[in-house]
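Written out below as structure tokens is the structure these notes cover.
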Amino acid sequence: MCRSILRNSRSQRREGDRLVVAETLTVPCHPDIQTGLTDMLMLMLFGEARQRTVDEYKFLFSECELTLSQVIPTTDPYSLIEAVPTARN
């Protein structure tokens with residue numbers, strides 16, 4: 001589902017546009033109970049939904065012609081994950 005949303009979003013973006021996702025990131029080898037519970041809840045409610053790591057976002061974005069440009073931490077559990085359209089040849 002998220003790939004469909006990102007691909008449709010990408011088709012409407014122009015050079016210089018950016019996409020910002022507010023999300024709790026999973027940090028490998030650093031368990032967090034809130035992130036783990038949210039992950040389990042998402043799996044129960046939405047099937048394939050899950051919390052992702054930065055590397056998983058890079059891969060997901062690359063599949064949708066987007067490039068992760070930066071991750072901005074906030075004072076909340078959420079980070080802002082910025083992606084830009086991948087240059088087309």
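The values are calculated or read from the model by the stated rules, or taken from the named source; none is laboratory data. These numbers come from a predicted model, not from an experiment. Cβ coordinates were reconstructed from backbone atoms using ideal geometry, including for glycine residues, and neighbour counts include every protein chain displayed.
Observations, loosely collected:
- Members of the stretch 50-73 that are outside any helix (DSSP H, G or I) and touching a residue at least 40 places away in the same chain (Cβ under 8 Å): Cys64, Glu65, Leu66, Ser69, Val71
- The stretch 13-52, residues that are at pLDDT 90 or above and farther than 15 Å from Cys2 by Cα: Arg18
- Selection from the stretch 70-89 of residues that are surrounded by 13 or more Cβ atoms within 10 Å (Cβ to Cβ), within 14 Å of Glu23 (Cα to Cα) and either in contact with a Phe, Trp or Tyr (Cβ under 9 Å, 6 or more places away or on another chain) or at pLDDT 90 or above (or both): Val71, Ser79, Leu80, Ile81, Glu82, Ala83
- Some residue of the stretch 51-69 being surrounded by fewer than 14 Cβ atoms within 10 Å (Cβ to Cβ), over 16 Å from Glu15 (Cα atoms), in contact with an Asp or Glu (Cβ under 7 Å, 6 or more places away or on another chain) and not hydroxyl-bearing (Ser, Thr, Tyr): no
- Summed over the stretch 6-42, the residues that are hydrophobic (A, V, I, L, M, F, W, C), without any contact (Cβ under 8 Å) to a residue 24 or more places away in the chain and assigned to a helix (DSSP H, G or I) give a count of 5.
- Enumeration of residues in the stretch 75-86 that are touching a residue at least 12 places away in the same chain (Cβ under 8 Å) and not in a strand (DSSP E or B): Pro77, Tyr78, Thr86
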